Amino acid sequence: MEIKQTRSNLIMNTATMAYRNLLKTVHNPDRFMDVIIQPVMFMMLFGYLFGGAIAGGVKAYLPTIVPGILIQTMLSAATGSGAQIREDLDSGVFDRFKSLPMAHIAPLAGQLFADSLRLLIATITSLTTGYLMGWRPDVGFQWIIVIALLAIFMGWAISWVFALFGLLAKSATMVQSISMMGMMMLSFLSNAFIPIHTLPKFMQVLANLNPITFVITAIRQILANGAWTSESLIVLAFGIGIVVVFAPLTVWAYNHNN
Amino acid sequence: MNQDYAVQVTHLTKKFKDKVAVDDVSFNIYRGEVFGLLGPNGAGKTTTLRMMTTLLKATSGHVTIFGHDVAKESSAARAMFGLTGQYASVDEDISARENLMIFSRLNGLSRAEAKQRTTELLTEFSLLESADKTISDFSGGMRRRLDLAVSLITRPALIFLDEPTTGLDPRTRTQMWETIRKLVAEGSTIVLTTQYLDEADELADRIAVIDHGKLVKIGTPASLKEQVSQSKLSLSVADSNQVTEAKDIVTTHLKSATLIDQTTILAPFDDSNRLTDILMDLRAKQISVSHLSVQEPTLDDVFLNLTAPTHN
């Protein structure tokens, strides 16, 4: 059999790489455990623990905490991409990818596309848990879809940042521990769980500057008004900006990683 | 460009910060030959190989693969070779079949072609029975076989093997050698790195000895052995009181002899006919021999001789 090599096809290669990552997940379903357990755990823990203290009841607290937990879960799912990439680099399999005549962005893009499945599962789990605890948004279902897509897109955009970090970091353990700290800081120092005005002044400044606050605010506004707001547009643009900046940086780091 | 060369390496140098890992190395590899890069750990073999396979940028110097410069035409160069890394670079979490399918697709084969090639390679490398097991359940030997199979998907004319048998048990190692010989018989050019002399001796047509990043020697295993040493006669006497006497006899016949311990004499041995004379003289003096052996030069001698640690 004579084998003719077709020209490297970015889309096909990325699809194959995404398929590879999905296969890995199918063989190891426990890779999904974090994005399933974490939102359920946090939603119940925070909802029942702090609901009364912060909002006077679980039900009243849910409109605050559902978008908060949703974005926190997106963040933590995004950190997984970085750890996974570091693991692949350490295992030597990326050497093989690099030595193949294919586009260099394909292994990274494939990974991140496959990771959007993780994001989707995390989103569904978060929203479902909220619903089961009594969260009933006033807006139509189509707006739930809109915020889900916005959250997934933002999570996906942020996963490029963690992918870059995964490439630059020394070990998968380091990626995990630093990402964990970053995720905690970003999600707790925001309006995810509490009204910002209750914070001390200097923390208010930080929380108001936190990009996560903007994302959560945008989602809450959509859920409150049933309309696409200018804030959500800014957030979307911000997400696109992250991808535009970090995707080339990540590919550059990948090419120069030796 | 010379048509006879599969690989040309000219003045290749790699510096990591202040450390020179590969220092002005030049050699050519002919089409169809097995070329061994031999050296101790950390000598720069793998760094050289990584530069040859586009995985690492050279600080200076050039590598061409079938005429394609790896720096300027990396895509064209990559299409010409298969690479099997030092660590089995296959996916642990998925099955052998899935690994082969994915890498076939990434190599640009259509789905049908990929399926066919996967079955061919699984059969060829006796992996058909374990095709659907995940790699984490594989033995070291099976992993290497799969790894090699993956590098052969496109039937590359040039195959790079980075320490193909490191960490394998002797049996699996012999199997791996068989597989490599089969590839050679099919006309592939093979570049392999190894720290095992017997492996280089068994497989390579030509060997480049690398130490401290420098190319120390290049040649056929036979010519390297010739350069370094000749056969040696090792003789031990039963009674240590007679060792000086015995040494004198050996010296008369073989020109020189050294005492290496209380009872053992070592002498350069280039004429096998002298052995009878020595033994007859020893018998005449009633010296009894407890041990006698003729040591052929090994590549180990070459290796130790050429890669002696620098005294500085």
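The values are calculated or read from the model by the stated rules, or taken from the named source; none is laboratory data. In this text the structure is predicted, and so the values were computed from the model without any measurement. Cβ: placed from backbone, ideal geometry, glycine included. Neighbour counts: every protein chain shown.
This table checks each residue for (1) within 30 Å of A:F246 (Cβ to Cβ); (2) under 22 Å from the mean Cα position of the chain (by Cα); (3) away from chain B (no Cβ under 11 Å); (4) in a helix (DSSP H, G or I).
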site	(1), (2), (3), (4)
A:T14	yes, yes, no, yes
A:R31	yes, yes, no, yes
A:V35	yes, yes, yes, yes
A:P39	yes, yes, yes, yes
A:Y48	no, no, yes, yes
A:V66	yes, yes, yes, yes
A:S76	yes, yes, yes, yes
A:G82	yes, yes, yes, yes
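B:I153 versus (1) assigned to a helix (DSSP H, G or I); (2) touching a residue at least 12 places away in the same chain (Cβ under 8 Å): which is the lone unmet condition?
Tallying (1) assigned to a helix (DSSP H, G or I); (2) touching a residue at least 12 places away in the same chain (Cβ under 8 Å), B:I153 fails exactly one: (1).
Going by the structure shown, is A:L186 in contact (Cβ under 8 Å) with a residue 12 or more places away in the chain, crowded, with 17+ Cβ neighbours inside 10 Å and out of contact with any His (no Cβ under 8 Å at 6 or more places or on another chain)?
Yes: the conditions hold for A:L186.
Among what's in segment B:221-278 and is at pLDDT below 85 and basic (K, R), pick the residue that is nearest to B:T194 (Cα to Cα).
B:K225
Do we find a residue being surrounded by fewer than 22 Cβ atoms within 10 Å (Cβ to Cβ) and over 23 Å from B:R181 (Cα atoms) anywhere in segment B:148-160?
No, because not a single residue in segment B:148-160 is surrounded by fewer than 22 Cβ atoms within 10 Å (Cβ to Cβ) and over 23 Å from B:R181 (Cα atoms).
Considering only residues that are surrounded by fewer than 21 Cβ atoms within 10 Å (Cβ to Cβ) and in contact with a His (Cβ under 8 Å, 6 or more places away or on another chain), look in segment B:9-46 and name the one that is nearest to the other protein chains (Cβ to nearest Cβ).
Within segment B:9-46, the match that is nearest to the other protein chains (Cβ to nearest Cβ) is B:D23.
Tell me which helices (runs of 4 or more DSSP H) are completely within segment A:86-191 and hold 2 or more residues being β-branched (V, I, T), or say none if there are none.
Counting at least 2 such residues, we get A:106-132, A:141-168, A:172-188.
Starting from residues that are among the β-branched types (V, I, T) and closer than 20 Å to B:L161 by Cα, keep the ones in segment B:78-101 and report whichever is nearest to the other protein chains (Cβ to nearest Cβ).
B:V90
Grab the helices (runs of 4 or more DSSP H) fully contained in segment A:197-258, keeping just those with 3 or more residues being among the small types (G, A, S).
So the answer is A:230-255.
Going residue by residue through segment B:47-61, is there one that turns out to be under 30 Å from A:P29 (Cα atoms), without any contact (Cβ under 8 Å) to a residue 60 or more places away in the chain and facing chain A (nearest Cβ under 8 Å)?
no
Of the residues A:D138, A:D95, which single one is charged (D, E, K, R) and farther than 30 Å from B:M52 by Cα?
Result: A:D138 is the single residue among A:D138, A:D95 that is charged (D, E, K, R) and farther than 30 Å from B:M52 by Cα.
For residues that are of a type in the set (S, T, N, Q) and more than 15 Å from the chain's Cα centre (by Cα), scanning just segment A:84-142, find the one that is nearest to the other protein chains (Cβ to nearest Cβ).
Ranking the qualifying residues of segment A:84-142, first place goes to A:S99.
If you scan segment A:4-32, which residues turn out to be at pLDDT below 85 and small (G, A, S)?
A:S8
Does segment B:123-130 contain any residue that is free of Cβ contacts under 8 Å to residues at least 24 places away in the same chain and either within 11 Å of another protein chain (Cβ to nearest Cβ) or under 21 Å from A:V26 (Cα atoms) (or both)? Please lay out each step first, then the result.
Kept after step one, since they are free of Cβ contacts under 8 Å to residues at least 24 places away in the same chain, are these residues of segment B:123-130: B:123, B:126, B:128-129.
From the residues that got through so far, the ones that are either within 11 Å of another protein chain (Cβ to nearest Cβ) or under 21 Å from A:V26 (Cα atoms) (or both) too are none.
Scanning segment B:123-130, I find no residue that is free of Cβ contacts under 8 Å to residues at least 24 places away in the same chain and either within 11 Å of another protein chain (Cβ to nearest Cβ) or under 21 Å from A:V26 (Cα atoms) (or both), so the answer is no.
Within segment B:62-77, can you find the residues that are surrounded by fewer than 20 Cβ atoms within 10 Å (Cβ to Cβ), more than 11 Å from every other protein chain (Cβ to nearest Cβ) and in contact with a strand residue (DSSP E or B) (Cβ under 8 Å, 6 or more places away or on another chain)?
Answer for segment B:62-77, where residues must be surrounded by fewer than 20 Cβ atoms within 10 Å (Cβ to Cβ), more than 11 Å from every other protein chain (Cβ to nearest Cβ) and in contact with a strand residue (DSSP E or B) (Cβ under 8 Å, 6 or more places away or on another chain): B:H62, B:F66, B:D69, B:A71.
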